[in-house]
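Novice: Let me begin by handing over the structure; questions about it come next.
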Amino acid sequence: MARLLVSSTVRIDIEIPDFSGGFIDPSTQTLDIYDPNGAKKKTYSQGDADYVRDSQGKYHCNYPVPSNGVKGLWLMDWNATVGALPEHRIGYFVVV
């Protein structure tokens, strides 16, 4: 789990594997960032300039923790649609 200082940037990598061992692009996807108090701080959506497609099925974004960011466990909530199937993942990083 990443440990970050206030005002630093966390790189969030997302990979969407398919059943054959490769990677697949979802038809839709969003990534929400929540602070330790449960406040949504940022939503990234497919097609946003800050949400970068590195290659098929591989994406990243860089989230700058605000200078007034709350210390503690932050939540990354990722949702996508792959074909007709929903995909959901959560992850965390710590601001110290």
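Novice: Being of a type outside the set (Phe, Trp, Tyr), assigned to a strand (DSSP E or B) and closer than 16 Å to Val96 by Cβ is the requirement here; does Arg3 meet it?
Specialist: yes
Novice: How about the range 37-47: which of its residues are loosely packed, with under 13 Cβ neighbours inside 10 Å and at negative phi?
Specialist: Correct list: Asn37, Ala39, Lys40, Thr43, Ser45.
Novice: Does the range 12-25 contain at least one residue that is in a strand (DSSP E or B) and either without any contact (Cβ under 8 Å) to a residue 12 or more places away in the chain or within 11 Å of Val95 (Cβ to Cβ) (or both)?
Specialist: There is no residue in the range 12-25 that is in a strand (DSSP E or B) and either without any contact (Cβ under 8 Å) to a residue 12 or more places away in the chain or within 11 Å of Val95 (Cβ to Cβ) (or both).
Novice: So Val52 ticks every box in (1) touching a residue at least 12 places away in the same chain (Cβ under 8 Å); (2) out of contact with any Asp or Glu (no Cβ under 7 Å at 6 or more places or on another chain) but one. Which box is left unticked?
Specialist: (1)
Novice: Could you grab me the full set of residues in the range 27-39 that are modelled with pLDDT of 95 or more and either touching a helix residue (DSSP H, G or I) at 6+ places or on another chain (Cβ under 6 Å) or in a loop (DSSP other than H, G, I, E, B) (or both)?
Specialist: Passing the criteria: Asp35, Pro36, Asn37, Gly38, Ala39.
The values are calculated or read from the model by the stated rules, or taken from the named source; none is laboratory data. Everything numeric in this text was worked out from a predicted model, so none of it was measured. Virtual Cβ from ideal backbone geometry, glycine too; neighbours counted across all protein chains shown.
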